[in-house]
1. For segment 288-304, does any single residue satisfy the condition of being in contact with a helix residue (DSSP H, G or I) (Cβ under 7 Å, 6 or more places away or on another chain) and either free of Cβ contacts under 8 Å to residues at least 12 places away in the same chain or of a type outside the set (A, V, I, L, M, F, W, C) (or both)?
2. Regarding segment 323-334, can at least one residue be identified that is of a type outside the set (S, T, N, Q) and in contact with a strand residue (DSSP E or B) (Cβ under 9 Å, 6 or more places away or on another chain)?
3. For segment 250-290, give me each residue that is part of a loop (DSSP other than H, G, I, E, B), in contact with a strand residue (DSSP E or B) (Cβ under 7 Å, 6 or more places away or on another chain) and β-branched (V, I, T).
4. Counting only residues that are at pLDDT below 95 and touching a strand residue (DSSP E or B) at 6+ places or on another chain (Cβ under 8 Å), give me the strands (runs of 3 or more DSSP E) lying completely in segment 25-105 with at least 1 of them.
5. Scan segment 20-32 and tell me whether some residue there is closer than 24 Å to E170 by Cα and either acidic (D, E) or under 22 Å from the mean Cα position of the chain (by Cα) (or both).
6. From the list L61, L31, which one is farther than 20 Å from P244 by Cα, surrounded by fewer than 24 Cβ atoms within 10 Å (Cβ to Cβ) and in the same structural domain as D299 (by TED's automatic domain parsing)?
7. For segment 419-456, what are the residues that are at pLDDT 80 or above, among the polar types (S, T, N, Q) and either farther than 21 Å from K375 by Cβ or touching a helix residue (DSSP H, G or I) at 6+ places or on another chain (Cβ under 7 Å) (or both)?
Amino acid sequence: MNYAENILETIGNTPLVKLNKLTAELPCLVLSKYETFNPGNSVKDRMALQMILDAEADGRLKPGGTIIEGTSGNTGMGLALAAIVRGYKCIFVMSDKQSKEKMDILRAVGAEVVVCPTNVDPSDPRSYYSVSKRLGEETPNSWYVNQYDNPSNCKAHFQSTGPEIWGQTEGKVTHFVVGVGTGGTISGVGSYLKMKAKEAGTTVKVWGIDTYGSVFKKYHETGIFDENEIYPYITEGIGEDILPKNVNFDVIDGFTKVTDKDAAIYTQKLAKEEGMFLGNSAGAAIKGLLQLKDNFTKDDVVVVLFHDHGSRYVGKMFNDDWMRDRGFLEEEVKTAADLIKNHENKPLVTAQTEELVSHAIERMKEFKISQIPVKDAEGFVGSIDETDLLRSFITDKEIADKPIKDIMGKPYPIVKKSAKIDAISKLISKENEAVLVDLENGNYHIVTKYDVISSI
């Protein structure tokens, strides 16, 4: 009989899968190292198990201990599976930009999850780096993994992922492309492939995929750690605002950066055009690969590694509402109808001329809006927005108890659903913050300056 003794024995030996439609413009053969076939659905299973085995061997991890780590989700999953089999508890610290699915999955396998703010400096005591390190110091019989600087991370890929790719391509691989986060995958695989290529008298180029808001690309090219390069980004699993010890820049031949939008769009494209239901970093990797097309020839064999599974992003990159809210959907917006189609069925929030200003303020707070059309028995007769309120409050502190008609501005212009975006834009100004769209059924909807800007 052929079976594994436990789930950990199924880690590794993932397939190489050819890409076809998305890489049709490239002259080379493009193969994906499809890491979602690991039991935890990501490449991180490999290094998670290796780090635990090495920590057990040298006494850092003791029987019944607690594993503590800061993770974007995938390393946590790998550690959790190994912990279940080998008898440990887990506490994982995550930033709040990570998908809810990742947090729910970790809790589903028995881990405790602590969520920290994303937009803080790494040295801030609230950052997930600081919190995970502090928990490691305070928790009895615990082991703080620190995947960023833990050499077992690179070791896992030097001993497993690299040899698999070399063997599966029969030594014909010429380029390795992968997103860079902790650095273990690119450094471990890259070191192995370059070593074997040198022995065989050939060469392998190693390319890292970075994201805007990360320091890797500029540091690799200039040796400068530029804090001005650091700002919040959406793409998960790649890029850093620190320099992990596992990133061996000597192994990496170059980086290319991919925008959040392109990463999200190509995550969807992989599913819809290649049948590959993968995570956000895979979208970044395939777009980065296409950006590097001038580096490939017809004789090249390019291997791109796809980290994790799409199930962890169904509330994000695979949710059209989420994509649309961030301007990531490639939709053509031409008319007023296009601007309002996603919320056309929501009722228009209005105010009456005789209502108190305090009522309008409460409505703005409740619905999180800045402009409200004002009506009387005849129809729309005015408007009120937060700018009017502030200006009026400066001159009259008793404004809240006065009727809206005393401070309201001019009524918003009314346009048809077929009105062009250009025409709507011309109607919006400092004096006029919105227009109303006639839905032709007795109802109206509002289009604000924000709606027009978001459509650009």
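The values are calculated or read from the model by the stated rules, or taken from the named source; none is laboratory data. From a predicted model like this one, the values you see are computed outputs, not experimental measurements. Counting neighbours? That spans all protein chains shown, and the Cβs are built from the backbone with ideal geometry, glycine included.
1. No, segment 288-304 has no match at all.
2. Looking through segment 323-334, at least one residue is of a type outside the set (S, T, N, Q) and in contact with a strand residue (DSSP E or B) (Cβ under 9 Å, 6 or more places away or on another chain).
3. Within segment 250-290, V251, I252 qualify.
4. Fully inside segment 25-105 and qualifying: 66-70, 89-95.
5. Within segment 20-32, one or more residues are closer than 24 Å to E170 by Cα and either acidic (D, E) or under 22 Å from the mean Cα position of the chain (by Cα) (or both).
6. Every option except L31 fails the conditions.
7. Hits for segment 419-456 are S425, S429.
Residues are listed down the side, and each one gets a yes or a no for (1) among the aliphatic types (A, V, I, L, M); (2) over 24 Å from the mean Cα position of the chain (by Cα):
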site	(1), (2)
Y34	no, no
G40	no, no
A48	yes, no
M51	yes, yes
T66	no, yes
G78	no, no
K89	no, yes
V93	yes, no
K97	no, no
